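Q: One structure, as structure tokens, below. Some questions next.
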Amino acid sequence: MYIRKFALGDASPIEIGLTSTVFLTGFIGAVILPFYLYLFGAGIFWEFLGVSICILIVWNFESYRLMRYSKKSLRIVTLPGYFEYRFCSKGYFVRLLTAVEIIVIPIVISALVLKEAAIVLYKVLGLPQEFIITAMSLGIALMVGIFGLDLFTKTVRIKAIIMLLGVILLVVFLLYDIGLNKLIRNMMEMDILGSVSDYMNILFHDGKPLMPSDYVSLISMGLLASGMPFMLGLFFAEKDGAAINIGKIITVIYIFIFFSSLACLGTISRGVLYPHKITNSVSDYISLMYLQISNISQIGKMTAFIYMIIIVLGFITAIEGAFHSIITSLYEDIICCGRVVRVDHRKDKRNVIIAAFFVGIATAMIAMGIKNLSIGLVLVFLGALGCSISPTLFMSLIWKRMNKFGCIAGLIVGLGSVPLFKYAAIFDGDGVKETLCDIIGINSVIPSMLFTVFMIMVVSLLSPEPDEKQVEEFLEVKHRIME
């Protein structure tokens, strides 16, 4: 069956582990982590601690159970397919709802990431943004459409090596060529809120001591990674528990080394960018880093080129992963299973490439239409997806009483909770309308996830119990009866 080969590929456990890791750390690691450290200081550590917690939960718990369900049914190649099988949903609504979320929101997120990449490359290379957006969107979409998951898994080793060694080389070069003492002096001259020691203290964030609510907010942002469809879908490709164990070890080792190297780069970047004023724009930060590094010495030009390769790979890996889950779900869950059109499965490869082309066009059009861009906007859409998929999937794997109605409630409530708690000023506070997040002093992630779990439980308990087949299979998966 072509769509299964397209979705799951033919990768070794090491390749699957690296694919999950590089996808997760490519954009948020190579692009975001150094920038956040530069902007806010070492207190951003707690956000990436949340990412680490998320990785432990996903790899130590969800991975095994998703793998077991995929072994029960070879038709499970996507999260919508998993939800339909898990809840024996014959009306197609569960699959359709999940597929729409996995297609629409990641397309918007991909467009936002694509727009940021275009701005960066315009500032560094002077290329027209429309050209960059069109070339990257269509190029990546068609490559994914032609090669499927193998595009990622068969190139992931070289990507991982380039990104890791490139960051280490950057740190060593900057420390050697500029010197640690000069970097620290430059940091002291920058407009840092508080002292340099506070800036490098994980108990401070943006020059201010962290409060308990701040820890909750920062850690919770990292938990959104547990709702990424591409990363979760990789576990349907795992052969057994031993393969997952190998991938888990690869993930832990690589992320520790990579994040540590990026933390060093982000910390010293303030000294590198002296005397430029602090910028809160990712694209400005990257373009300034490129210019400063290239002007250090003749070797600096080569090092700056390596820096840009790392940045471009960070953008590409994020878009590749998103496009893979979008195209797979569009073709398998909407076109084939939804019977939108009559499909000749002998021409699946051609059909997938056509679907990929339209995904690329749609993403490029959305990216070109974006006028005002900020990382905060990316995080809102990522939060909506994470707070919908993550708690719904988690509950489906731990609670046998959950049914399809609870699943539908989780997907809908999770999607709407983030914008509701973040933007809806419905509470009175000293004569001023405030949002729930303003009142409790934390971001919308934790309230949204808790509310989603609450609604899943309430709706499931108020609706009919799952049938015996669902419960029996749930217990078989839980107790490893099939391994």
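The values are calculated or read from the model by the stated rules, or taken from the named source; none is laboratory data. What you are looking at is a predicted structure, and each value in this text was computed from that prediction instead of being measured. With ideal geometry, Cβ positions are generated from the backbone for all residues, glycine too; neighbour counts draw on all protein chains shown. The protein model used for the area step is the full one, side chains on, heavy atoms only, and it has no ligands, DNA or RNA in it. Shrake-Rupley method; radii C 1.70, N 1.55, O 1.52, S 1.80 Å.
Q: Quick one: what pairs do we get from region 101-126, first residue over 30 Å from Cys407 (Cβ atoms), second open to solvent by less than 10 Å² (accessible area, probe 1.4 Å) and hydroxyl-bearing (Ser, Thr, Tyr), C-beta under 8 Å, 6+ apart or different chains?
A: Qualifying pairs under 8 Å: Leu114/Ser137; Leu114/Thr363; Glu116/Ser283; Ile119/Ser283; Val120/Ser283; Lys123/Ser283.
Q: Still on this model: Among the listed residues Tyr85, Tyr64, Tyr69, identify the single one that is open to solvent by less than 20 Å² (accessible area, probe 1.4 Å) and either part of a helix (DSSP H, G or I) or more than 30 Å from Asn201 (Cα to Cα) (or both).
A: Tyr69
Q: Separate question: Determine, yes or no, whether Val22 is among the aliphatic types (A, V, I, L, M) and within 24 Å of Thr251 (Cα to Cα). Break it down into steps so the answer makes sense when it comes.
A: Working: among the aliphatic types (A, V, I, L, M): yes; within 24 Å of Thr251 (Cα to Cα): yes.
Taking the combined requirement at face value, the residue satisfies it.
Q: All but one of (1) of a type in the set (Gly, Ala, Ser); (2) modelled with pLDDT of 90 or more; (3) over 30 Å from Ala322 (Cα atoms) hold for Ser197; which doesn't?
A: Of everything listed in (1) of a type in the set (Gly, Ala, Ser); (2) modelled with pLDDT of 90 or more; (3) over 30 Å from Ala322 (Cα atoms), Ser197 misses just condition (2).
Q: Now for a different question. Within region 326-337, restricting attention to residues that are open to solvent by 10 Å² or more (accessible area, probe 1.4 Å) and closer than 23 Å to Ile109 by Cβ, which residue is nearest to the chain's Cα centre (by Cα)?
A: Ranking the candidates gives Leu330 first.
Q: Same structure, new question: Among (1) open to solvent by 40 Å² or more (accessible area, probe 1.4 Å); (2) touching a strand residue (DSSP E or B) at 6+ places or on another chain (Cβ under 6 Å), there is one condition Gly43 misses while meeting the rest; what is its number?
A: In the conditions (1) open to solvent by 40 Å² or more (accessible area, probe 1.4 Å); (2) touching a strand residue (DSSP E or B) at 6+ places or on another chain (Cβ under 6 Å), Gly43 misses (1) alone.
Q: Residues to consider are Ala318, Ala355, Ala322, Ala362; find the one that is in contact with a Leu (Cβ under 9 Å, 6 or more places away or on another chain), of a type in the set (A, V, I, L, M) and either open to solvent by less than 50 Å² (accessible area, probe 1.4 Å) or assigned to a loop (DSSP other than H, G, I, E, B) (or both).
A: Ala355
Q: Cβ-Cβ under 8 Å, sequence separation 6+ or interchain: first residue in region 197-224 and touching a residue at least 60 places away in the same chain (Cβ under 8 Å), partner among the acidic types (Asp, Glu) and part of a helix (DSSP H, G or I). Which pairs?
A: Here the result reads Phe204/Asp198; His205/Asp214; Gly207/Asp198; Leu218/Glu47; Ile219/Glu47; Met221/Glu47; Gly222/Glu47, each pair linking region 197-224 to a residue that is among the acidic types (Asp, Glu) and part of a helix (DSSP H, G or I).
Q: Just name the residue that is most open to solvent (accessible area, probe 1.4 Å) out of those in region 147-186 that are among the polar types (S, T, N, Q) and out of contact with any Leu (no Cβ under 9 Å at 6 or more places or on another chain).
A: If we take residues in region 147-186 being among the polar types (S, T, N, Q) and out of contact with any Leu (no Cβ under 9 Å at 6 or more places or on another chain), then Asn181 is most open to solvent (accessible area, probe 1.4 Å).
Q: Name the residues in region 71-94 that are touching a Phe, Trp or Tyr at 6+ places or on another chain (Cβ under 9 Å), over 18 Å from Ile389 (Cα atoms) and not charged (D, E, K, R), would you?
A: Ser73
Q: Next question, about the same structure. Scanning for something touching a helix residue (DSSP H, G or I) at 6+ places or on another chain (Cβ under 7 Å), of a type in the set (Val, Ile, Thr) and within 30 Å of Pro80 (Cβ to Cβ), does region 36-46 turn up at least one residue?
A: No, region 36-46 contains no residue that is touching a helix residue (DSSP H, G or I) at 6+ places or on another chain (Cβ under 7 Å), of a type in the set (Val, Ile, Thr) and within 30 Å of Pro80 (Cβ to Cβ).
Q: Oh, and also: Tell me whether region 104-114 contains one or more residues that are in contact with an Asp or Glu (Cβ under 7 Å, 6 or more places away or on another chain) and among the aliphatic types (A, V, I, L, M).
A: No, region 104-114 contains no residue that is in contact with an Asp or Glu (Cβ under 7 Å, 6 or more places away or on another chain) and among the aliphatic types (A, V, I, L, M).
Q: Right, another one. Read through the list (1) surrounded by fewer than 23 Cβ atoms within 10 Å (Cβ to Cβ); (2) within 21 Å of Val171 (Cβ to Cβ), then give the number of the only condition that Ile246 fails.
A: (2)
Q: Is it true that some residue in region 207-226 is open to solvent by less than 20 Å² (accessible area, probe 1.4 Å), in contact with a Ser or Thr (Cβ under 6 Å, 6 or more places away or on another chain) and either at pLDDT 90 or above or on the phi < 0 side of the Ramachandran plot (or both)?
A: There is at least one residue in region 207-226 that is open to solvent by less than 20 Å² (accessible area, probe 1.4 Å), in contact with a Ser or Thr (Cβ under 6 Å, 6 or more places away or on another chain) and either at pLDDT 90 or above or on the phi < 0 side of the Ramachandran plot (or both).
Q: Something else now. Give the residues of region 267-283 that are within 17 Å of Gly207 (Cβ to Cβ) and among the aliphatic types (A, V, I, L, M), sorted by residue number.
A: Within region 267-283, Ile278 is the sole residue that qualifies.
Q: Among the helices (runs of 4 or more DSSP H) contained in region 413-483, which hold 3 or more residues that are modelled with pLDDT under 90, within 19 Å of Gly227 (Cβ to Cβ) and open to solvent by 60 Å² or more (accessible area, probe 1.4 Å)?
A: none
Q: In this structure, is Ile192 hydrophobic (A, V, I, L, M, F, W, C), modelled with pLDDT under 90 and over 26 Å from the mean Cα position of the chain (by Cα)?
A: yes
Q: Quick check: anything in region 365-378 assigned to a loop (DSSP other than H, G, I, E, B), on the phi < 0 side of the Ramachandran plot and either crowded, with 24+ Cβ neighbours inside 10 Å or in contact with a Ser or Thr (Cβ under 9 Å, 6 or more places away or on another chain) (or both)? Break it down into steps so the answer makes sense when it comes.
A: Narrowing region 365-378 to residues assigned to a loop (DSSP other than H, G, I, E, B): 370-374.
From what's left, on the phi < 0 side of the Ramachandran plot: 370-374.
Still in the list and also either crowded, with 24+ Cβ neighbours inside 10 Å or in contact with a Ser or Thr (Cβ under 9 Å, 6 or more places away or on another chain) (or both): 373-374.
Checking region 365-378: at least one residue is assigned to a loop (DSSP other than H, G, I, E, B), on the phi < 0 side of the Ramachandran plot and either crowded, with 24+ Cβ neighbours inside 10 Å or in contact with a Ser or Thr (Cβ under 9 Å, 6 or more places away or on another chain) (or both).
Q: Now, a different point. Please identify the pairs in which a residue from region 244-263 that is farther than 17 Å from Gly314 by Cβ has its Cβ atom under 9 Å from the Cβ atom of a residue that is open to solvent by 20 Å² or more (accessible area, probe 1.4 Å) and outside any helix (DSSP H, G or I), counting only partners at least 6 apart or on another chain.
A: Ile246/Ser12
Q: Here's a follow-up. Determine, yes or no, whether Arg75 is out of contact with any Pro (no Cβ under 7 Å at 6 or more places or on another chain), in contact (Cβ under 8 Å) with a residue 60 or more places away in the chain and surrounded by fewer than 24 Cβ atoms within 10 Å (Cβ to Cβ).
A: Considered against the rule, which asks whether it is out of contact with any Pro (no Cβ under 7 Å at 6 or more places or on another chain), in contact (Cβ under 8 Å) with a residue 60 or more places away in the chain and surrounded by fewer than 24 Cβ atoms within 10 Å (Cβ to Cβ), Arg75 comes out as no.
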